[in-house]
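The values are calculated or read from the model by the stated rules, or taken from the named source; none is laboratory data. All values derive from a computational prediction rather than experimental measurement. Ideal geometry is used to build each Cβ from the backbone, glycine not excepted, and the neighbour counts take in all protein chains shown.
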Amino acid sequence: MDSILVHGGAPLSGQIPIAGAKNACLALMPATLLSEEPLTLTNAPRLSDIATMSLLLESLGVEVQAMAGGRVLAMSSHGLASTRADYDIVRKMRASNLVLGPLLAREHTAVVSLPGGCAIGARPMDIHIEALTAMGAEIELRDGYLHAVAKGGLKGARVPLRFASVGATENTLMAATLAKGTTVIENAAREPEIVDLARCLRRMGAQIEGEGTSTVTIEGVDRLSGATHPVVTDRIELGTYMLAPVIAGGEVECLGGRLDLVAAFVDKLHEAGVEVEETASSLIVRRNGDRPRAVDVVTAPFPGFPTDLQAQMMAMLSTADGESRLEERIFENRFMHAPELVRMGARIEVHGGTAHVTGVDRLRGAPVMATDLRASVSLILAGLAAEGETLVNRVYHLDRGYEELEKKLSAVGARVERVRAE
C-alpha cells in the first residue's frame with residue numbers, strides 16, 4: 001500500500017484549485033438511470049470513487065465515457081441490461097446505494113447489495129427503505145441484498161425522514177421525479193449536494209421545489225430528458241485546503257471556493273483568529289499570529305459544522321493556543337484519528353462522542369496509520385506543522401476523496417510526496 005511522506009515546517013503560499021464535489025457527483029451519476037437520453041456532467045472530480053460508480057453503472061448497462069481528462073462524464077442509459085447492483089462493486093463504496101431509487105422509479109424493480117465505505121459508524125439503510133416503502137415499494141432483505149419491487153410504479157407520498165439523511169433524501173428525491181403524483185419530503189437534508197442534484201434533475205425536466213430547505217416537494221412527471229450539468233465545488237476539499245495555511249502558516253487562495261458552501265466552518269475559523277477573504281472566484285485564507293486560538297466545535301447536518309471536516313479541524317486544534325472541545329453528533333466511532341495524532345505529540349482525550357484537545361506548541365513527525373478518508377488527510381495536515389518527517393500509511397482511502405493531493409500541496413510550498421508500495 002502507498003504511503004504519504006510529509007516533511008513539516010514549510011509555510012504555504014500560492015493557489016490551490018478546488019475540484020468538483022465527490023459527494024455531489026456520486027449522487028448525480030445515478031440520475032442518468034432516470035432517463036433514456038444522455039446526461040453529461042462537467043467539472044467532475046477524478047477520484048477512485050467516481051471510477052467505482054462508473055463501473056457500477058456500466059454493470060447495469062449504462063454507457064459511461066470519461067472525456068477531457070476525466071473532467072467530463074458523458075452517460076447514456078438508453079438500454080439498461082440489469083437492475084442488480086452486485087456486492088463486489090457496492091461493497092467498495094456506500095454511495096452505491098443511490099441506484100436504488102432511480103431503478104425503482106424507472107424499472108419498478110431493483111436488487112441492490114447492502115453498501116460498504118469507510119468504517120466510521122453505523123449508517124443503516126432503514127431510512128431509505130422507509131421512504132421508498134411509503135411510496136409503494138415492497139422491499140425485503142435477503143442474503144445481504146435489498147430486493148425491491150414497485151408494482152405499477154412508485155406513487156407520490158408524504159415522506160417524513162426520521163433523520164435528515166443526505167443519502168435517503170437523494171434516493172427519495174430521484175425516485176419521486178417519476179412517481180405518480182406529489183411527494184413531499186419532510187426533514188429533508190439541506191446540504192449543497194442536495195441542491196445540486198435538484199438543479200440537475202430540474203434541467204432534466206423534473207418538477208421540484210424547496211431544495212435547500214427541510215421540506216422538498218416533487219411533482220412526478222412521465223419522463224425525464226437528457227441534460228448537461230456542472231458539478232458543484234467540493235466544500236470538504238475546500239475546507240481541508242483552507243486549514244492547510246492555518247496549520248502550516250502562510251496564505252493560500254482556494255480557487256473556486258464559495259463562502260456559502262462553508263459558512264459554519266468559516267465562522268469557527270474567524271473565532272480561531274483566522275482571516276478569510278472572499279473574492280469573485282475564490283477564498284483566501286491567512287493565519288494571523290503564530291498559532292490559531294482554541295475553539296469548541298459541534299458537528300451537525302448542514303448548515304452546521306460538517307462532520308467530514310471534524311478530523312481536519314482536530315489536527316488544527318492540536319496546535320491551537322488553549323483547550324478545545326470537539327463533539328461528534330453525526331457518526332459514532334469517528335475519532336479513530338485521535339490516537340494517531342497523539343503519536344505525533346497531540347494532547348487529546350476522547351470520552352464517548354466528545355474529544356478534549358489541548359493545543360501544543362509543536363507536533364512531532366511520526367509513522368501513523370490512516371483509518372478512513374478524512375482521517376488520512378487530517379494526519380497529512382498535522383504533518384505540515386510537525387517537526388521532522390511524518391509517514392502516513394494506508395492512504396488508499398485518500399484517493400477516494402482527494403484528487404492529486406500531493407501535487408496541490410506541493411504547488412503551494414508543502415513538502416509532501418507519495419511513497420509507492422513495492
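Which strands (runs of 3 or more DSSP E) sit wholly inside the stretch 201-262 and have at least 1 residues that are in contact with a Gly (Cβ under 7 Å, 6 or more places away or on another chain)?
215-219, 250-255
Quick one: in the stretch 381-396, of everything that is of a type outside the set (S, T, N, Q), within 24 Å of the chain's Cα centre (by Cα) and surrounded by fewer than 19 Cβ atoms within 10 Å (Cβ to Cβ), which residue is farthest from GLN15 (Cα to Cα)?
This residue is ARG394.
Can you give me the number of residues within the stretch 208-241 that are among the small types (Gly, Ala, Ser) and closer than 30 Å to PRO17 by Cα?
4
Return the pairs, sorted by first residue and then second, in which the second residue is small (Gly, Ala, Ser) and assigned to a loop (DSSP other than H, G, I, E, B), the first residue lies in the stretch 401-422 and is over 12 Å from ALA19 (Cβ atoms), the beta carbons are less than 7 Å apart, and the residues are 6+ apart or on different chains.
GLY413/ALA10; ALA414/ALA10; ARG415/ALA10
With respect to the numbered conditions (1) buried (at least 17 other Cβ atoms within 10 Å of the Cβ); (2) of a type outside the set (Asp, Glu); (3) at negative phi; (4) not assigned by TED's automatic domain parsing to the domain that holds LEU154, which one is the sole condition not fulfilled by HIS270?
(1)
Could you tell me whether GLY289 is over 23 Å from ILE330 (Cα atoms), small (Gly, Ala, Ser) and surrounded by 17 or more Cβ atoms within 10 Å (Cβ to Cβ)?
no
For a quick check of your reading: which strands (runs of 3 or more DSSP E) sit entirely within the stretch 105-198 and have at least 3 residues that are touching a residue at least 24 places away in the same chain (Cβ under 8 Å) and within 23 Å of SER77 (Cβ to Cβ)?
Output list reads 109-113, 145-149.
Is it the case that GLY144 is on the phi > 0 side of the Ramachandran plot and in contact with a His (Cβ under 7 Å, 6 or more places away or on another chain)?
No; evaluated as a whole, the condition is false for this residue.
Only residues that are within 24 Å of the chain's Cα centre (by Cα) and within 15 Å of LEU103 (Cβ to Cβ): list them for the stretch 65-92, please.
Passing the criteria: MET75, ALA85, ASP86, ILE89, VAL90.
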